[in-house]
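Q: After the C-alpha cells below, expect a handful of questions from me.
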Ligand SMILES: C[S@@+](CC[C@H](N)C(=O)[O-])C[C@H]1O[C@@H](n2cnc3c(N)ncnc32)[C@H](O)[C@@H]1O
C-alpha cells in the first residue's frame with residue numbers, strides 16, 4: 001500500500017526503502033515490540049505492523065503524526081502513534097527493534113533550529129544532530145537481543161555511528177548500502193558540500209547505509 005503524504009510530511013524515498021529491506025531481514029517473533037522513531041507518513045511503522053508486531057511510532061511533527069495515524073487506519077493496522085521529541089514519549093519502555101530514518105543531511109550553519117519540512121533532513125553541520133542522540137539514547141531502550149536499524153548518508157559519518165554503538169556494548173555493522181544520485185536538497189547545497197570536501201566527483205552521488213546494532217543476550 002502506498003502511504004498518503006500531505007504537504008510538509010516526508011514522502012518515503014530510497015532511504016525508507018533501504019530500511020524496509022533491512023526490516024524484512026529481521027526474524028521478528030509475533031508480538032515483538034517495535035519502535036519507529038521519526039515515523040513521517042508511517043511507512044516503516046506500517047510495514048513492521050504487517051509482520052504482526054506491536055508497533056509504537058513517534059514524530060516531532062504534528063502533520064506527520066496525523067498522516068501516520070490516517071495511513072495506519074487505512075491499512076487497518078494497529079500502530080500506536082505518539083507526538084514528541086525522539087524517545088521522550090516512550091521513556092521507561094523497552095523494545096525488540098528500533099527503526100530510525102532520522103534527519104541526516106549536513107546543513108550550513110544557521111541561528112534557527114530546523115523547522116517546517118526541513119526538520120525531515122536538516123541535521124547540523126556534520127549531519128549528526130539527531131543521529132548522535134539516537135546513538136546515545138537508543139541502546140538503553142533495547143531489550144537483550146534487541147536491534148537498532150538506522151539508515152543515513154555516508155556524508156554523515158557512519159564510522160561515528162558504529163563507534164558510538166560499539167562503545168555502548170552493541171555489536172554494530174553496516175548491513176546494507178545503496179548509491180543514489182543527489183536529490184534536490186543535496187543539489188541545492190552542492191557548492192557548500194564541495195567547500196567542505198564532502199563531494200568531489202563531477203556527477204555527485206550519495207551512498208546510503210543501514211547500520212544494524214544488536215544488544216548481546
Ligand atoms: C527522513 S524523515 C523519515 C520519515 C519516515 N520514517 C520514512 O522513512 O519515510 C525523518 C522524520 O523524523 C522526524 N523528526 C525529526 N526530528 C525529530 C525528533 N527530534 N523527534 C522525533 N521525530 C523527529 C521528522 O519530522 C520526519 O518525519
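Q: If I ask for residues that are farther than 11 Å from residue 101 by Cα and under 15 Å from the mean Cα position of the chain (by Cα), which ones from region 15-41 would you list?
A: Within region 15-41, 21, 22, 23, 34, 35, 41 qualify.
Q: Is it fair to say residue 111 is more than 20 Å from residue 20 (Cα to Cα), surrounded by 15 or more Cβ atoms within 10 Å (Cβ to Cβ) and out of contact with any strand residue (DSSP E or B) (no Cβ under 9 Å at 6 or more places or on another chain)?
A: no
Q: Within region 139-161, can you find the residues that are within 21 Å of residue 95 (Cβ to Cβ), free of Cβ contacts under 8 Å to residues at least 60 places away in the same chain and either outside any helix (DSSP H, G or I) or in contact with a helix residue (DSSP H, G or I) (Cβ under 9 Å, 6 or more places away or on another chain) (or both)?
A: Of everything in region 139-161, just one residue is within 21 Å of residue 95 (Cβ to Cβ), free of Cβ contacts under 8 Å to residues at least 60 places away in the same chain and either outside any helix (DSSP H, G or I) or in contact with a helix residue (DSSP H, G or I) (Cβ under 9 Å, 6 or more places away or on another chain) (or both), namely 161.
Q: Can you give me the number of residues within region 183-204 that are over 25 Å from the mean Cα position of the chain (by Cα), in a helix (DSSP H, G or I) and under 25 Å from residue 11 (Cα atoms)?
A: Number satisfying all stated conditions: 0.
Q: Oh, and also: Just checking: which of the strands (runs of 3 or more DSSP E) contained wholly in region 1-96 hold 3 or more residues that are at pLDDT 95 or above, closer than 29 Å to residue 174 by Cβ and within 10 Å of the ligand (Cβ to nearest atom)?
A: Because the criterion is at least 3 residues that are at pLDDT 95 or above, closer than 29 Å to residue 174 by Cβ and within 10 Å of the ligand (Cβ to nearest atom), the strands (runs of 3 or more DSSP E) in region 1-96 that meet it are 54-59.
Q: If you don't mind, another one. Assess whether residue 211 counts as being touching a residue at least 60 places away in the same chain (Cβ under 8 Å), more than 30 Å from residue 29 (Cα to Cα) and surrounded by 13 or more Cβ atoms within 10 Å (Cβ to Cβ).
A: So residue 211 fails the test.
The values are calculated or read from the model by the stated rules, or taken from the named source; none is laboratory data. Quantities reported herein were computed from a predicted structural model and do not represent experimental measurements. All Cβ positions, even for glycine, are placed from backbone atoms using ideal geometry, and neighbour counts span all protein chains on display.
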